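The values are calculated or read from the model by the stated rules, or taken from the named source; none is laboratory data. These figures come from a predicted structure and were not determined experimentally. Here the Cβ is made from the backbone with ideal geometry for all residues, glycine too, and neighbour counts use every protein chain on show. Note: areas computed on protein heavy atoms with side chains; ligands, DNA, RNA excluded. Shrake-Rupley method; radii C 1.70, N 1.55, O 1.52, S 1.80 Å.
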Amino acid sequence: MSDGEITPENIWEGDLFNRKEEAINLIAYLESVVARPTIREDKRAYAVAIDAGYGEGKSFFLKRLANHIGLNHPVAFVDAWADDLADEPLTALAATLEDALKPFSGQPEVKARLKLFLTNSGKVAKIVSLGLLRRSLGLLITGTATDAVGELLAGTEEAKKAVVEDGLADFGSGLSDDAAASLKAISSNSIMEQRIANFREGQSAIRDMKASLKAVVDAIGEGERQPPIFILIDELDRCRPTYAIKLLEEIKHLFDVPGIVFIFAMNADQLGHSVRGAYGPEFDGRAYLRRFIDREYRLAEPDLEPLLVQLCKQADLGDHQFESMRMGLVAAGLQSTYLPKILAIYMQSYGLGAREAFLLVDILQTCQAIASADHRLCLNFLLPLIIGHLKGLPKGELPKSLLTPRWVCYAQNPHPAGGMEEVSLDQAAIEYKAAANMTDSDLLNATEGENQTIYAWSVRSTRAWNAQRQPIWAVDRYSDLIRTVARFSNPNVGI
């Protein structure tokens, strides 16, 4: 984003997928929803999930969306994956909310109500941590102490404290003291009385926290930035399932007040699978997520060409490194094509999306690095083989295009008297494969006379006629090249 004044124009600099219009529509929708009267007695926060696959720009969109919203509303941005390590979603949410309200620090009423909210949320955080400790006591203490739990409750105070301290040594001295105090309370009161007291204490603390949060929302009604408060949460699908669940649960139970809008960026299917992994294969993870979401918004499918332009530039790939048949739209004749355009044509024809764009360019870059410096790889055969590899097909098997051919290749007969033939992407790959499987004598015949073809010439140009083994970058060894490149897989691409 450019330095200086923040405007909708410079917020969306570098917007490859034209997401600005989607952001404007989404903001207008959310402002309208929050402003509507509600017949519900339990007025509450509003939550939206922004769903998109890998490579479709979820994080880019959410960060720019946060800046755009921030022109008129208080906004907090949470990177859930970065906060995963701390395992304290309540603390992370409270801290980002405090940051979002810094522009109001000069308003005494907002400042006072925020301070009260932080105090109340601190009490809730303490109760939550103790509750988790008590529920997990049998897991946190040592095996020996687990066996002695029955005796522990009936033993002396000194024995109780000794065992608990031993079992919780790795969790800090404060936790062991809290556990010992809990056991002491259990010994002096009935278990149910203590449970009821703890339950009521927790209810009261949560009510106070939510009331103070609502008071904060009500206090920011003056100035340039108006309610609602937007809290945007990114990378939820990359967190540990247990943390993602904990974050969603705490949002639902602790921050569910009117005037708050949550926007989650996630791959809903991926997160649903993660939740199912935490609860078991029969658990419906997607249905569970819907408990926390009022509305889902699917980002529009991006145009691949702008993304591929950027990826090819980053990979230092250009037209001069590859050869391609001339291409065009069906019945429309030849079109001007360049490398990113050719890649986009093949990806769309074979049903690949933004996620696979990263993988395809990575493989193509490695193929080009392995090839001879003065050799140009043939895209019309190499690309279908790479796509077949990405689709999990056996070595050398060609995929079938999924769309009625819109783009075709134009095969020019190299013979001076030869004409031009219009062929589909599939057929061009089949012809290359047939030429690659020719014997040397058949290949020689196919490159002479009126029957010569560009497929045969392409194979012949890289076949080492007198060598026992052709170079791996030769056209008739593209399957070996791709299999070799697969051993250079980049773990950071396509995840």
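Sort out which residues of segment 296-330 are closer than 14 Å to ALA357 by Cα and among the small types (Gly, Ala, Ser), and write them in order of number.
From segment 296-330, those closer than 14 Å to ALA357 by Cα are 301-315, 317; that's our starting set.
Correct list: ALA315 only.
How many residues are open to solvent by 70 Å² or more (accessible area, probe 1.4 Å) and under 20 Å from GLU323 (Cβ atoms) when one looks only at segment 400-423?
Qualifying residue count for the region: 3.
A quick yes/no check of all residues on (1) in contact with a helix residue (DSSP H, G or I) (Cβ under 7 Å, 6 or more places away or on another chain); (2) in a loop (DSSP other than H, G, I, E, B); (3) modelled with pLDDT of 85 or more; (4) not hydroxyl-bearing (Ser, Thr, Tyr):
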| position | (1), (2), (3), (4) |
| --- | --- |
| GLU450 | no, no, no, yes |
| VAL459 | yes, no, yes, yes |
| ALA464 | no, yes, no, yes |
| GLN470 | yes, yes, no, yes |
| SER479 | yes, no, yes, no |
| ILE482 | yes, no, yes, yes |
| VAL485 | yes, no, yes, yes |
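List pairs: first in segment 1-24 and among the polar types (S, T, N, Q), second modelled with pLDDT of 80 or more and in a helix (DSSP H, G or I), Cβ under 8 Å, 6+ apart or cross-chain?
Hits for this filter: SER2/ASN10.
Under 7 Å between Cβ atoms, at least 6 apart or on separate chains: pull out the pairs that start in segment 271-291 with a residue that is closer than 19 Å to VAL48 by Cα and end on any residue that is in a helix (DSSP H, G or I) and open to solvent by 90 Å² or more (accessible area, probe 1.4 Å).
Close Cβ pairs (under 7 Å, with a partner that is in a helix (DSSP H, G or I) and open to solvent by 90 Å² or more (accessible area, probe 1.4 Å)) amount to GLY285/HIS273; GLY285/ARG276.
Examine segment 207-221 for a residue that is assigned to a helix (DSSP H, G or I) and either under 22 Å from the mean Cα position of the chain (by Cα) or on the phi > 0 side of the Ramachandran plot (or both), and state whether such a residue exists.
no
If I ask for residues that are surrounded by fewer than 16 Cβ atoms within 10 Å (Cβ to Cβ) and either in contact with a strand residue (DSSP E or B) (Cβ under 6 Å, 6 or more places away or on another chain) or within 30 Å of GLY14 (Cα to Cα) (or both), which ones from segment 271-296 would you list?
Initially, segment 271-296 is screened for residues surrounded by fewer than 16 Cβ atoms within 10 Å (Cβ to Cβ), giving 273, 277-284, 286-287, 290-291, 294-296.
Within segment 271-296, ASP294, ARG295, GLU296 meet the criteria.
Would you say VAL261 is open to solvent by less than 60 Å² (accessible area, probe 1.4 Å) and within 21 Å of PHE292 (Cα to Cα)?
yes
Does any residue of segment 390-399 turn out to be under 16 Å from LEU308 (Cα atoms) and either open to solvent by 60 Å² or more (accessible area, probe 1.4 Å) or not in a loop (DSSP other than H, G, I, E, B) (or both)?
For segment 390-399, residues under 16 Å from LEU308 (Cα atoms) and either open to solvent by 60 Å² or more (accessible area, probe 1.4 Å) or not in a loop (DSSP other than H, G, I, E, B) (or both): absent.
With (1) in contact (Cβ under 8 Å) with a residue 60 or more places away in the chain; (2) more than 25 Å from ARG36 (Cβ to Cβ) as the list, and LEU254 as the residue in question, which single condition is left unmet?
So LEU254 meets the others, but not (2).
Would you say GLU98 is open to solvent by 50 Å² or more (accessible area, probe 1.4 Å) and modelled with pLDDT of 85 or more? Working first, answer last.
Values: open to solvent by 50 Å² or more (accessible area, probe 1.4 Å): yes; modelled with pLDDT of 85 or more: yes.
So GLU98 fits the description; yes.
Output the residues belonging to segment 98-123 that are touching a residue at least 24 places away in the same chain (Cβ under 8 Å) and aliphatic (A, V, I, L, M).
Of everything in segment 98-123, those that are touching a residue at least 24 places away in the same chain (Cβ under 8 Å) and aliphatic (A, V, I, L, M) turn out to be ALA100, LEU101, VAL110, LEU114, LEU116, LEU118.
Can you tell me which residue within segment 91-130, out of those that are of a type outside the set (Ser, Thr, Tyr) and part of a loop (DSSP other than H, G, I, E, B), is nearest to ASP256 (Cα to Cα)?
LEU101
Is at least one residue of segment 331-341 in contact (Cβ under 8 Å) with a residue 12 or more places away in the chain and within 26 Å of ASN437 (Cβ to Cβ)?
No, the conditions are met nowhere in segment 331-341.
Please report, ordered by residue number, the helices (runs of 4 or more DSSP H) entirely within segment 8-77 with at least 1 residues that are open to solvent by less than 60 Å² (accessible area, probe 1.4 Å) and farther than 20 Å from GLU235 by Cα.
Details: elements: 8-11, 20-35, 58-69.
Because the criterion is at least 1 residues that are open to solvent by less than 60 Å² (accessible area, probe 1.4 Å) and farther than 20 Å from GLU235 by Cα, the helices (runs of 4 or more DSSP H) in segment 8-77 that meet it are 8-11, 20-35.
Could you list, in sequence order, the residues of segment 337-348 that are open to solvent by 20 Å² or more (accessible area, probe 1.4 Å) and in contact with a strand residue (DSSP E or B) (Cβ under 9 Å, 6 or more places away or on another chain)?
Answer for segment 337-348, where residues must be open to solvent by 20 Å² or more (accessible area, probe 1.4 Å) and in contact with a strand residue (DSSP E or B) (Cβ under 9 Å, 6 or more places away or on another chain): THR337, LYS341, GLN348.
Spot the failing condition for ARG225; the list is (1) at pLDDT 85 or above; (2) under 22 Å from LEU62 (Cβ atoms); (3) open to solvent by 70 Å² or more (accessible area, probe 1.4 Å), and only one is missed.
Evaluating ARG225 over (1) at pLDDT 85 or above; (2) under 22 Å from LEU62 (Cβ atoms); (3) open to solvent by 70 Å² or more (accessible area, probe 1.4 Å) leaves (1) as the failure.
Checking ASP426 against (1) touching a strand residue (DSSP E or B) at 6+ places or on another chain (Cβ under 6 Å); (2) surrounded by fewer than 18 Cβ atoms within 10 Å (Cβ to Cβ); (3) touching a residue at least 24 places away in the same chain (Cβ under 8 Å); (4) more than 23 Å from PRO302 (Cα to Cα), which test does it fail?
(1)
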